[in-house]
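The structure appears right after this line, and notes come after that.
The values are calculated or read from the model by the stated rules, or taken from the named source; none is laboratory data. All figures in this text were calculated on a predicted structure; none of them were measured in a lab. Positions of Cβ are backbone-derived with ideal geometry, glycine not excepted, and every protein chain shown enters the neighbour counts.
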């Protein structure tokens with residue numbers, strides 16, 4: 001007996017009919033690319049890069065699934081099924097244009113790119129089958145194949161869509177289903193997360209594994225208000241964040257710049273700049289020297305993967321600083337408000353003071369007037385939020401557009417807005433040309449700017 005309880009003398013199945021069935025049910029699209037016809041009428045396939053086809057209906061750049069129009073000159077089609085007990089207990093076949101090979105199901109699909117596995121090699125755009133017309137997935141090559149639930153999700157959407165909450169998680173413990181924020185996107189609107197946040201639940205659901213976590217986030221609706229519970233240090237926090245469309249990751253590049261249509265080469269030269277948005281002041285050919293106070297010339301990424309990792313790492317550190325700054329600001333505002341309330345209580349005591357002598361009345365009411373002014377003013381309360389004068393290099397507030405423009409070590413540099421004159425005095429400019437304050441920039445990366453070299457001239461380019 002083998003591991004599946006089958007006799008070694010069990011009669012072997014001839015899958016030649018399944019190979020013939022595939023040839024009648026598939027559509028050759030050219031250059032070795034095939035697609036298969038489903039009984040529901042769709043013709044689907046897999047390609048890690050977008051196929052250049054006139055009859056392309058839709059393409060999912062995250063997973064590589066695509067759908068084409070056309071017709072297969074055959075009445076045959078495939079019935080796509082879930083992997084059930086029958087499929088788990090039987091020998092199956094990896095079928096494709098090059099024939100069929102018997103094998104066994106190994107593991108279920110555990111994520112969009114963590115494919116189900118078969119015991120024998122699979123052929124790209126082949127199928128996993130047992131009785132020819134019934135299949136359990138679409139092959140991607142290697143030993144992998146895409147299961148029915150992921151194909152159904154692709155087919156159900158008019159255009160591919162994946163939700164995002166502004167972070168990339170890492171598996172801290174697969175056994176305990178513990179997921180930790182590894183990277184956090186500072187350009188994601190009102191992003192409240194920072195590296196190290198431990199996920200507890202999303203909309204009161206605690207993901208049991210990586211695949212479930214991916215699907216929960218991917219299926220969030222645009223602008224859906226998402227309740228996320230995390231552990232930050234020793235504190236449990238309930239956070240609300242609006243879900244948005246995801247732009248990078250899986251088979252796509254993921255530097256956090258994809259939403260802006262900004263393309264940067266491995267040597268950090270702008271290859272493509274957007275015509276609008278926060279990076280619209282950049283131009284093709286600009287070489288990035290600094291991002292905030294970080295000298296990018298020290299980094300030499302050897303390939304696209306290293307470049308994207310470098311940018312995600314840098315942007316995550318900036319995002320962490322922004323979250324710390326906002327938390328510090330909230331504490332400061334709360335303390336200031338508490339001080340005002342205390343002063344108002346003292347004022348009320350002076351105003352209600354009953355004295356017998358007129359000169360004492362004058363004294364208390366004069367004190368009351370003084371206290372009223374004191375209570376209504378912005379007073380120092382001991383723990384001040386950092387400012388341009390007191391912040392150290394690397395503090396978040398030193399990332400502000402104003403601070404960097406004044407404090408830059410690059411003597412020949414001027415901002416592209418030319419905000420400051422040679423005497424570091426503010427020059428009146430139209431309102432639209434002024435650098436926005438921190439709160440107005442939080443939505444798109446807050447206190448961030450690039451120092452670039454453009455044809456030998458250096459410019460500081462703040463985000464708009």
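For the reader, a short list of remarks on this structure follows.
- Filtering region 98-113 to residues that are within 22 Å of residue 155 (Cβ to Cβ) and touching a helix residue (DSSP H, G or I) at 6+ places or on another chain (Cβ under 7 Å) leaves 109, 110, 111, 112.
- Qualifying residue in region 295-312 (condition: at positive phi and touching a residue at least 40 places away in the same chain (Cβ under 8 Å)): no
- Residue under evaluation residue 129, criteria (1) in contact with a helix residue (DSSP H, G or I) (Cβ under 6 Å, 6 or more places away or on another chain); (2) not assigned by TED's automatic domain parsing to the domain that holds residue 22, criterion not met: (2)
Each row is one residue, and each column tells you yes or no for (1) at pLDDT 95 or above; (2) assigned to a loop (DSSP other than H, G, I, E, B); (3) loosely packed, with under 11 Cβ neighbours inside 10 Å; (4) over 42 Å from the mean Cα position of the chain (by Cα).
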site: 11; (1), (2), (3), (4): no, yes, yes, yes
site: 23; (1), (2), (3), (4): yes, no, no, no
site: 45; (1), (2), (3), (4): yes, no, no, no
site: 66; (1), (2), (3), (4): yes, no, no, no
site: 70; (1), (2), (3), (4): no, yes, no, no
site: 75; (1), (2), (3), (4): no, yes, yes, yes
site: 82; (1), (2), (3), (4): yes, yes, no, no
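- Strands (runs of 3 or more DSSP E) wholly inside region 208-312 that include at least 3 residues being under 27 Å from residue 170 (Cβ atoms): 225-232, 235-242
- Among the residues of region 296-323, those identified as crowded, with 20+ Cβ neighbours inside 10 Å and out of contact with any strand residue (DSSP E or B) (no Cβ under 9 Å at 6 or more places or on another chain) are 308, 321, 322.
- Residue selected from region 181-214 under the condition within 14 Å of the chain's Cα centre (by Cα) and surrounded by fewer than 19 Cβ atoms within 10 Å (Cβ to Cβ), by the criterion farthest from residue 250 (Cα to Cα): 190
- Residue in region 63-77 that is in contact with a helix residue (DSSP H, G or I) (Cβ under 8 Å, 6 or more places away or on another chain), assigned by TED's automatic domain parsing to the domain that holds residue 130 and over 25 Å from residue 132 (Cβ atoms) present: yes
- Residue 352 meets each of the listed conditions (1) at pLDDT below 95; (2) in contact with a helix residue (DSSP H, G or I) (Cβ under 8 Å, 6 or more places away or on another chain) apart from (2).
- Looking across region 25-43, the residues that are in contact with a helix residue (DSSP H, G or I) (Cβ under 7 Å, 6 or more places away or on another chain) and assigned to a strand (DSSP E or B) come down to 36, 37.
Residue by residue, here is whether (1) touching a helix residue (DSSP H, G or I) at 6+ places or on another chain (Cβ under 8 Å); (2) at pLDDT below 95; (3) closer than 24 Å to residue 181 by Cα holds:
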{"position": "285", "(1), (2), (3)": "no, no, no"}
{"position": "311", "(1), (2), (3)": "no, no, yes"}
{"position": "316", "(1), (2), (3)": "no, no, yes"}
{"position": "324", "(1), (2), (3)": "yes, yes, yes"}
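- Taken over region 84-100, the criterion of being surrounded by 14 or more Cβ atoms within 10 Å (Cβ to Cβ) and without any contact (Cβ under 8 Å) to a residue 60 or more places away in the chain is satisfied by 87, 90, 92, 94.
- Spans of strands (runs of 3 or more DSSP E) in region 128-177 with at least 1 residues under 21 Å from residue 58 (Cβ atoms): 134-141, 144-147
- Checked against the criterion of being under 21 Å from residue 43 (Cβ atoms), loosely packed, with under 14 Cβ neighbours inside 10 Å and outside the structural domain of residue 221 (by TED's automatic domain parsing), region 112-122 contains not a single residue that satisfies it.
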